[in-house]
Amino acid sequence: MEHTGPISVEKPFDIYRTLYRIVNYGGLIAIILWGFAGIEYKGIMQTARGTVEALLRGFVRPDVAYLTTMTIDGLPYAVLETIAIAVAGTFTSGILAIPFALLASQNIVGPHVSKVGKFIVTAIRSFPELILALIFISIVGPGAPAGVLALGIHSIGMLGKLFSESIESMDMGVKEALESCGASPFEVLFRAVIPQVSPELISYTLYRFEINMRAAATLGLVGAGGIGAPLIFAIRTRVWPRAAIIVIVLVVTVTVIDAVSGRIRKRLV
Amino acid sequence: MEQIVVPKKHNLRRNLTILLVAALIIGSARFAGFSIVGTLSGILRGGRLLGRMFLSPAWSYAPRVVDPLVETIRMSVVGTFIGALVAFPVAVLAAENFIRKPLISRPLRFILNIFRTIPAMVLASLFVAVFGTGAFSGVLALAIFTFGLISKLTFESIEAIDYGQVEALMSLGANQINVLRYAIVPQILPQFLSYTLYGFEVNVRAAAVLGYVGAGGIGQVFEQNLSFRRFDRVGVIIILTFFVVLAIDFVSSAIRRRLV
């Protein structure tokens, strides 16, 4: 059979379907238009063009000397500090998340308590880490410890949720076997629960570490230590070659850590 | 009663790994000036500050929070829309199973990876320096961030489609546009919309803090009150933002569940 022209599929006309679509797409378009209507566009600043050119020149010729400054003001120190904040913050939350995860797991504490635990974990997760960082900065002062505290508390939210999911899907036979032998709750925890879920727990913690690396870079923008602090300073003072080298090093560091951590995770689970 | 002893394998590699990880963690903690005592006292003192924020929030301030909150949502809507709009064609080009031109897809993937590693806050601070403070810089930062996120998820979905439909159309002599229209788009559209909604959820959270570097939205009001140490007002801002984010998450994930 010869068939030229466009392919067409006949569809019966359905009034409800059509109405449903009109409401859906119309609503979507209305929301988008509403959004655009509220964004004040002040026109691009007169200086924008010059700034973009200076910025691009900075990326073409970044401040390489800053990369080899081995003092406390140099870039290597800032990178190390960022990694240290991410490691210490992730580790703190990894430990703290275990009790929260147990509290949120239905097969450990029963359906009623686990609902409370799940709510606590969700509440922690919805509290932005940047705001936590600002709160801790006003307590312990600016610097890396505020960043560690912020990441350590905020990450409990995600890790607690993921941990409790893997605890809920574990094989209960081992736990019951130990209980029938008269093991205490602590023995059950350390001999049955933790050994079974630990590969997954470590994998999730590493995943969170990857996220926390990006977060640690951001936290410096508000004064919580790490690579963000020299970056925001370079941007505010418009030293573009320096801002460029910091962004480049940030991208490289995050990419390398993602690759290494991803490889370890693949071997774990 | 006899105790059950499980003999353990003592293997060198495992012990070395544990030692290495422990050294990394302890080293990091010391480097970041972090201590257990400091953490505990930090958490306790943080609790007191939280009390000042949440036990007696200045509710009379709430009406003045509404406008910036609405602006935050608008920024996320526009940022997500622009990001998703650009992400779709780029994802089609970056997928390796359809266009089959490594000269296009490889460099595209490389650029996408770079976009995804730059945090939205860093993008926002750069745009504020270039375009000045305000929602416009925030929207640009969100759009680029969403673009990186959605295009990666979408090209992975395109690579995972049922390729039989594509082959069926090709065997009928359909051109690439028709293949895209009738075999690829129908298969990935629900996932793409779901990713877009997910991007929107992430963006609302991001937009809420972007203002801290001057990129518009609720974060700007937050920053002003925090620098004046008006913790009672900060409490109101946090509570209202929290409920808006929660409500948007709830609606958006309900839609997402119906989509996929």
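Quick notes on this one:
- Taking the criterion of being facing another protein chain (nearest Cβ under 9 Å), surrounded by fewer than 24 Cβ atoms within 10 Å (Cβ to Cβ) and part of a helix (DSSP H, G or I), the only residue of segment B:132-146 that qualifies is B:136.
- In segment A:112-131, the qualifying residues are those that are open to solvent by less than 20 Å² (accessible area, probe 1.4 Å) and aliphatic (A, V, I, L, M), and the one that is nearest to residue A:229 (Cα to Cα) is A:130.
Matching residues to (1) farther than 28 Å from residue B:257 by Cβ; (2) among the aliphatic types (A, V, I, L, M); (3) in contact with a helix residue (DSSP H, G or I) (Cβ under 9 Å, 6 or more places away or on another chain):
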residue	(1), (2), (3)
B:146	no, no, yes
B:154	no, no, yes
B:158	no, yes, yes
B:171	yes, no, no
B:184	no, yes, yes
B:191	no, no, yes
B:208	no, yes, yes
B:214	yes, no, yes
B:218	no, yes, yes
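- Residue count for segment B:203-241, restricted to those that are assigned to a helix (DSSP H, G or I), of a type in the set (A, V, I, L, M, F, W, C) and open to solvent by 40 Å² or more (accessible area, probe 1.4 Å): 1
- Any helices (runs of 4 or more DSSP H) falling wholly within segment A:146-232 and containing at least 1 residues that are under 25 Å from residue B:33 (Cα atoms): A:194-219
- Number of the condition not met by residue B:50 [criteria: (1) open to solvent by 50 Å² or more (accessible area, probe 1.4 Å); (2) touching a residue at least 12 places away in the same chain (Cβ under 8 Å); (3) of a type outside the set (Ser, Thr, Tyr)]: (2)
- Across segment A:47-66, the number of residues qualifying as away from every other protein chain (no Cβ under 13 Å) and in a loop (DSSP other than H, G, I, E, B) comes to 3.
- Qualifying residue in segment A:162-178 (condition: touching a Ser or Thr at 6+ places or on another chain (Cβ under 7 Å) and under 20 Å from residue A:127 (Cβ atoms)): yes
- Filter pass, residue B:48 being away from every other protein chain (no Cβ under 14 Å) and basic (Lys, Arg): no
- Segment B:110-131, subset more than 9 Å from chain A (Cβ to nearest Cβ) and without any contact (Cβ under 8 Å) to a residue 24 or more places away in the chain, residue most open to solvent (accessible area, probe 1.4 Å): B:110
- Of all residues making up segment A:229-243, the number that are touching a residue at least 60 places away in the same chain (Cβ under 8 Å), within 10 Å of chain B (Cβ to nearest Cβ) and either touching a His at 6+ places or on another chain (Cβ under 6 Å) or open to solvent by less than 60 Å² (accessible area, probe 1.4 Å) (or both): 2
Yes/no per residue for (1) in contact with a Gly (Cβ under 6 Å, 6 or more places away or on another chain); (2) of a type in the set (S, T, N, Q); (3) open to solvent by less than 40 Å² (accessible area, probe 1.4 Å); (4) without any contact (Cβ under 8 Å) to a residue 40 or more places away in the chain:
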position: A:28; (1), (2), (3), (4): no, no, no, yes
position: A:33; (1), (2), (3), (4): no, no, no, yes
position: A:51; (1), (2), (3), (4): no, yes, yes, no
position: A:58; (1), (2), (3), (4): no, no, yes, no
position: A:68; (1), (2), (3), (4): no, yes, no, yes
position: A:78; (1), (2), (3), (4): no, no, yes, no
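The values are calculated or read from the model by the stated rules, or taken from the named source; none is laboratory data. On a predicted model such as this, the values are computed, not experimentally measured, just so you know. For neighbour counting, all protein chains shown are included, and Cβ atoms are generated from backbone atoms with ideal geometry for every residue, glycine included. Only protein heavy atoms, including side chains, enter the accessible area calculation; ligands, DNA and RNA are left aside. Shrake-Rupley method; radii C 1.70, N 1.55, O 1.52, S 1.80 Å.
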